[in-house]
Every structure is written in structure tokens, then in C-alpha cells.
Amino acid sequence: MSLDGTAALVTGASSGIGEATARLLAERGAAVALVARRTDRLDALVAEIEASGGRAVAIEADVSDREQAEAAVERAVAELGRLDVVVNNAGVMLLGPILDAPVEEWEQMIEVNLLGLLYVSKAALPHLLEAAEGEPRRVADIVNVSSVAGRVARLGSGVYNATKHGVGAFSESLRQEVTERHVRVSLVEPGAVATELVSHNRPEVQETIRDRIGKLEPLASEDIADAIAYVVTRPRHVAINEVLVRPTEQTG
């Protein structure tokens, strides 16, 4: 399905998977609301999309703050006129042993990975339900970016695992609630991707992650963007509920 005449909102759009997804959805014809905290990066992406003939708007927001998340959705609808696709991509991955871990890291992951996704989804649902009732597609999409960590719990990833398992549980429950009204809820679970996530960890944790990944050739952000674009461009009667994408060399 073409995305011409539709509007999409992508969180965490200032880098990595979010940036690549926003760029690709714009190429497919959607007007795109770019939501993140780093406005300089958002402005640069808006300029790039518009130079290619697309339409985009930069919205500075921290989705872990409920008021900012709700305001971001409302501004996207006000500026773009509608909302057909939401990609909940904003997230942080702060790994390490549970014993002696900074509790602030746990709180940050829960606030961004879970609460931010919940806030954006709830604010967007009325607009998505409205879009699903009319042209051009008569269907709408929520894509929640989780992780292989949402399937398998690992040593050193306990709270990150908890947030991503939560994303999966929420997504499946919401899917059952709105799928008969043609709002599709999809879960995309990347394996190792070359993004900024690892660099947000403490130095000793970064070293552990690099040792674990070894010489693995990671996915690129564009690989996950491609999967997301595939999900949201299926015909109206097709729902891709879950996509797990690992690097070929990743065993777990």
C-alpha cells in the first residue's frame, strides 16, 4: 500500500532506527512528525526530507513526560491534519548486573521504554481509529520497537528485559482491543543493531557488551526501518503482528 496522503509520527527520530524509519516513511509518501529531544538533528532531517520533496515537522519532546508526549501527538495532528501511523521507537538500553546497579538507570528505562510508549499510544489512538475509518487506506498502524531482549532474559539485562517484555505484553493486549477496528498493532524486535544505544552505558558495561558481540556483523538502522515500512504498507486485510530481525551471525 502507498503511504501517499497519510501522516506518521516517529519517536526517537533524531538518530538510529527512528531517523532511518522517518526517512523511509517519507520516501514512501507519508508526511512525518519527527519527535525527539535533540532539535538540531530533527531540523537537519526535516531539511533533508523536504529537499527530497517530502513533508516533515520537527517536534521537540521527551516522551517520558506525559504532558510532552500528549502535546507531541496533538501538535503532529494539528500540523499534518491526521495521524495514520505511529512508530514508538524511543528507548534506552542500560545494561549491567542488578546488584549495585544505579537505580536511576532502571527508572530511566521504565520511563522511556514503557511509560513513553504508553503515553504516546494512548494519545494517538483516537486519531488512529478515526484514520482507519476513512480514506486513503481505511487502516492505521502502531509499530512498537522492542528487542530480542523482549523474548529472552539474559544475565546483565534484567531491567531492560523487563521493559521490553512489557512492551510485548502491552502490544498484544492492545492488538486484541483494536484490531477489529482496523488499527494494526505490530511488534518489531531487532537483534544487534549499530546504533548509539551501547554508548549510553557505563564504560565497564560497554566493554562487556563489545566482548559479547565480538566480531558479529550488526544490523544497520536501515534494516529495521525496512522491516517497519514493510509492516505498515501491507494490504488492509493483512496484519504483521510480530517481526524478529537478527543479524545472520547472531545466535541468541
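The values are calculated or read from the model by the stated rules, or taken from the named source; none is laboratory data. Please read these numbers as outputs of a predicted model, since none were measured by experiment. Cβ: placed from backbone, ideal geometry, glycine included. Neighbour counts: every protein chain shown.
Tabulated results
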{"read-out": "Pairs with Cβ under 9 Å, 6+ apart, first in the stretch 219-231 and closer than 14 Å to Gly16 by Cα, second assigned to a loop (DSSP other than H, G, I, E, B) and among the basic types (Lys, Arg)", "value": "Leu219/Arg246"}
{"read-out": "Tally, over the stretch 179-204, of residues that are buried (at least 18 other Cβ atoms within 10 Å of the Cβ) and farther than 20 Å from Pro247 by Cβ", "value": "5"}
{"read-out": "Filter pass, Ser157 being over 30 Å from Ala30 (Cα atoms) and either surrounded by 19 or more Cβ atoms within 10 Å (Cβ to Cβ) or of a type in the set (Lys, Arg) (or both)", "value": "yes"}
{"read-out": "In the stretch 19-53, residue surrounded by the most Cβ atoms within 10 Å (Cβ to Cβ) [restricted to those that are among the aliphatic types (A, V, I, L, M) and outside any helix (DSSP H, G or I)]", "value": "Val35"}
{"read-out": "Near pairs, Cβ below 6 angstrom, 6+ apart or cross-chain, from the stretch 166-189 (free of Cβ contacts under 8 Å to residues at least 60 places away in the same chain) to any residue that is charged (D, E, K, R) and assigned to a helix (DSSP H, G or I)", "value": "Val185/Arg175"}
{"read-out": "Candidates Ala149, Ala220, filtered to the one that is among the hydrophobic types (A, V, I, L, M, F, W, C) and closer than 28 Å to Tyr119 by Cβ", "value": "Ala149"}
{"read-out": "Residue in the stretch 80-102 that is exposed (fewer than 15 other Cβ atoms within 10 Å of the Cβ) and in a helix (DSSP H, G or I) present", "value": "no"}
{"read-out": "From Leu117, Leu83, residue being touching a strand residue (DSSP E or B) at 6+ places or on another chain (Cβ under 6 Å), modelled with pLDDT of 95 or more and under 19 Å from Leu3 (Cβ atoms)", "value": "Leu83"}
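Here's the yes/no breakdown for (1) within 28 Å of Val178 (Cβ to Cβ); (2) in a loop (DSSP other than H, G, I, E, B); (3) among the hydrophobic types (A, V, I, L, M, F, W, C):
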| residue | (1), (2), (3) |
| --- | --- |
| Glu207 | no, no, no |
| Arg212 | no, no, no |
| Glu217 | no, yes, no |
| Ile224 | yes, no, yes |
| Tyr230 | yes, no, no |
| Pro235 | yes, yes, no |
| Ala239 | yes, yes, yes |
| Leu244 | yes, no, yes |
| Glu249 | no, yes, no |
